[in-house]
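A short worksheet on the structure shown next.
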Amino acid sequence: MRKHRSLQKAHSSPLLEFGNVTVIKGDKKVLDSVSVTIYEGENIAILGPNGSGKSSFIKTITREYYPLVQDNDVTFRIWGRDQWDVFDLRPLLGIVSNELQYRFTQDMSGMDVIISGFFSSIGLFRQEVTEEMARKADEILAFLEIDHLKDRPMNEMSSGEARRFLIGRALIHDPKALVLDEPTNSLDLHARHTFQNILRKITRSGIGLILVTHNLQDIVPEISRVILMKDGMFYKNGPKTAILTDENIGLLFNVPVHIKQENGYYFATVN
């Protein structure tokens, strides 16, 4: 695993630029005039209730969804480019989703899952695995502290263990940013704590983190900016301390709450 990337200056160059992006699936508007700029090296969280459009936002990043072009006032760029071949994009932007985890619930070893990232495949078939690929996979196993599990089948792992292998698969090309979709779903307290420590380790390595979640406690201390999402729209966007307030979170989830901060983490209790 790469050591510390030469520290990128905050807000050095735009990683992602969306301007007035609207996406319609069927008869539903899943994204409604979304505008955001995320910078290379920035750690950011997108927080919203289930059904708010978070997964649709990720699918728009990965070019599974495309915006409605109503006029020329739509910006849809990744690293300054409007057009990407999805295979060129994957090495730059690592994606880990629950949907991906379901696809990997099979009888394949953790090591094979990580190496499959070189081929953008679900497991390995007849691909040629070089010594360099194996060495890179070993570095990632050590970095994510899962080398002792590399021979265990994915369908015999806990959810937290399997998710770390999917992160390893996403890291195989040294992406500039890692996008995580609801990463702690189904994790117990111990697995959540372990996973959060791994996320913090990743941010310290210089990889930007885009964390998409409905859970306030997923927001690790290294995240500096939070965007609140509801009904397909981004309606609050700013520094974490200014966004994570009783009023904002209460309006987001339609419930009166009290927000408490402890050791860099935020917690909500219902009033």
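Okay, here's what the table says:
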{"read-out": "For Leu187, residues with placed amide H under 5 Å, excluding near neighbours", "value": "none"}
{"read-out": "Estimated [θ] at 222 nm from DSSP helical runs (n ≥ 4, -39500 (n - 2.57)) normalised by residues in the chain, nearest 500", "value": "-8000 deg cm²/dmol"}
{"read-out": "Percent antiparallel among DSSP beta bridges (both partners in the chain, rounded to 5)", "value": "60"}
{"read-out": "Reciprocal of mean inverse Cα separation for region 106-172 (Kirkwood radius, Å)", "value": "11.5"}
{"read-out": "Positive minus negative residues near Ile227 (Lys, Arg vs Asp, Glu; Cβ under 12 Å)", "value": "+4"}
{"read-out": "Between helix 159-171 and the chain: long-axis angle, C-alpha atoms, 0 to 90°, nearest 10", "value": "80"}
{"read-out": "Relative contact order %, region 106-172, counting alpha carbon pairs below 8 Å whose residues are six or more apart", "value": "51"}
{"read-out": "Size of charge dipole - the chain - debye, nearest 20, with Cβ of Lys, Arg +1 and Asp, Glu -1, no other charges", "value": "400"}
{"read-out": "Principal axis dimensions, region 104-261 - Cα atoms, whole angstrom, descending", "value": "54, 29, 27"}
{"read-out": "Sorted by Cβ density within 10 Å, fewest first, the residues Met229, Met111", "value": "Met111, Met229"}
{"read-out": "Residue order, fewest to most beta carbons within 10 Å, for Arg152, Arg163", "value": "Arg152, Arg163"}
{"read-out": "Normalised contact order of region 43-187, rounded percent, pairs of Cα under 8 Å and 6 or more residues apart", "value": "33"}
{"read-out": "Set of lysines near Lys29 by C-alpha distance (under 16 Å), chain-local residues within fewer than 8 positions excluded", "value": "Lys54, Lys59, Lys230"}
{"read-out": "The chain: relative contact order as a whole-number percent, Cα under 8 Å and 6+ apart", "value": "25"}
{"read-out": "Residues of type lysines that Lys136 reaches as a straight line, Cα spacing below 25 Å, ignoring anything fewer than 8 places off in the same chain", "value": "Lys3, Lys150, Lys176, Lys201"}
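Coordinate-derived values only; no laboratory data. In this text, all values refer to a predicted model and were calculated from it rather than measured experimentally. Counting neighbours? That spans all protein chains shown, and the Cβs are built from the backbone with ideal geometry, glycine included.
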